[in-house]
Amino acid sequence: MKKNKYFVVIMLLCSWSFTSFTFAQSVNKVGTSGATFLRIPVGAQAIGMGSAYVSMMNDPSALFWNPAATASIKENTLLVDHALWLPGIYFDFIGITIPLADFGTTGLSLGIMHTNDMEITTPDQPMGTGEMFNASSFVVGVSYSRNLTDRFSIGGTFKYIRETIYNDYASAIGFDVGTLFQTPFAGIRLGASISNFGTKIQMTGEDLFIPAVISNQQGTNQSITARLNTDAFDLPLIMRVGISDEIIKNDDVRVTVAMDGVSPNDNAQSVNLGCELGFLKDKFQVRGGYKDLFLPNNEATFTFGTSIHEIDLIGGVLITFDYAYQNFIHLGSSNRFTLQLKI
């Protein structure tokens, strides 16, 4: 049985790696979607594992990666995630999961991205007008998941999305759906999810109105207002398929490896790889990974992280602290901090 288990893992890894590498060489549509903040990964544990997380099932960050994985969470759980994502851009995420016994698990999530204030410039005042503006985006999600069998779960999320820049805004609705299968081979899980299937998003607002001067034989009318027409963009649709395996698990140590194949609608296909080691009865964990393998002009590279897992500091409340570091080739690095409470 053990030999068959590793044969299955090796075959899946080889086939997904070959498929992703082949697709990554094809023509892609980089920069053709809106609301791209929906691509920002959530949770220090996931980021530390190189975003290879669609088949993992540990915490409410699954509300972002694969809502089906929340069906395995047995306690009321709160997750708070904070990051200086890129220079001048901040990202925060709050996720709550509430198990309903035999009725499944519900979840609520909120993701917010915002920038520092920036000075307004014009052709007449290129050094600035003295006025300031910023940009922000948020997504609110309501999720539900359920175990259909003792090995198979499904889940979905309904989302409202809104982006704002100065006096203009855009909104859309989206859906996520996911599945998770715990195979008969001990420790091997298969996960799949589709994120951000929904309506197009299009900017509107008072900053798009401009004065229009129309002349005819009777004279000139300078009081007419015209509106600039903006394009509507698809949401960043992402399909993820992943596998994870606890290759070692005993009282002293746990070693989990994971791999995700990622297929977005606005870029080439890629592969994420991750590994996590748990020590001291899984109370201390370290992890590392590599993001966007095989992606042309890849900006993200290696990641690593650590956590102190489920420490009982307050009577009956288990607290987990996670930290992750993500390196970028041209944009420096990002530090991620996550706090999780289980009640």
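Scanning segment 230-261 for residues that are in contact with a helix residue (DSSP H, G or I) (Cβ under 8 Å, 6 or more places away or on another chain) and under 30 Å from residue 138 (Cβ atoms) yields a total of 7. For segment 154-198, the set of residues classified as among the basic types (Lys, Arg) and crowded, with 18+ Cβ neighbours inside 10 Å consists of 159, 189, listed by residue number. Every test in (1) without any contact (Cβ under 8 Å) to a residue 60 or more places away in the chain; (2) farther than 26 Å from residue 53 by Cα is passed by residue 159 save one, and that test is (2). Selection of segment 303-343 for residues being over 16 Å from residue 53 (Cβ atoms) and among the small types (Gly, Ala, Ser) yields 315, 316, 332, 333, 334.
Condition check ((1) touching a residue at least 40 places away in the same chain (Cβ under 8 Å); (2) in contact with a Phe, Trp or Tyr (Cβ under 9 Å, 6 or more places away or on another chain)) across all residues:
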site	(1), (2)
84	yes, yes
93	yes, yes
102	no, no
110	no, yes
115	no, yes
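Quick check on segment 59-66. Is at least one of its residues among the hydroxyl-bearing types (Ser, Thr, Tyr) and more than 15 Å from the chain's Cα centre (by Cα)? Within segment 59-66, not a single residue is among the hydroxyl-bearing types (Ser, Thr, Tyr) and more than 15 Å from the chain's Cα centre (by Cα). Applying the criterion of being at pLDDT below 90 and among the aromatic types (Phe, Trp, Tyr) to the residues of segment 172-214, the residue that is nearest to the chain's Cα centre (by Cα) is 185. Looking only at segment 228-255, filter to residues that are charged (D, E, K, R) and either exposed (fewer than 12 other Cβ atoms within 10 Å of the Cβ) or under 30 Å from residue 182 (Cα atoms) (or both); which one of those is modelled with the lowest pLDDT? Once the filter is applied, the top-ranked residue is 251. Show me the strands (runs of 3 or more DSSP E) entirely contained within segment 208-306 in which 1 or more residues are over 28 Å from residue 322 (Cα atoms). By residue number, 209-216, 219-227.
The residue list 300, 212, 268, 258 contains one member that is surrounded by 21 or more Cβ atoms within 10 Å (Cβ to Cβ) and farther than 17 Å from residue 52 by Cβ, which is 268.
The values are calculated or read from the model by the stated rules, or taken from the named source; none is laboratory data. A quick note: this is a predicted structure, and the numbers were derived from the prediction, not measured. Every residue, glycine as well, gets a Cβ built from its backbone with ideal geometry; the counts of neighbours run over all protein chains shown.
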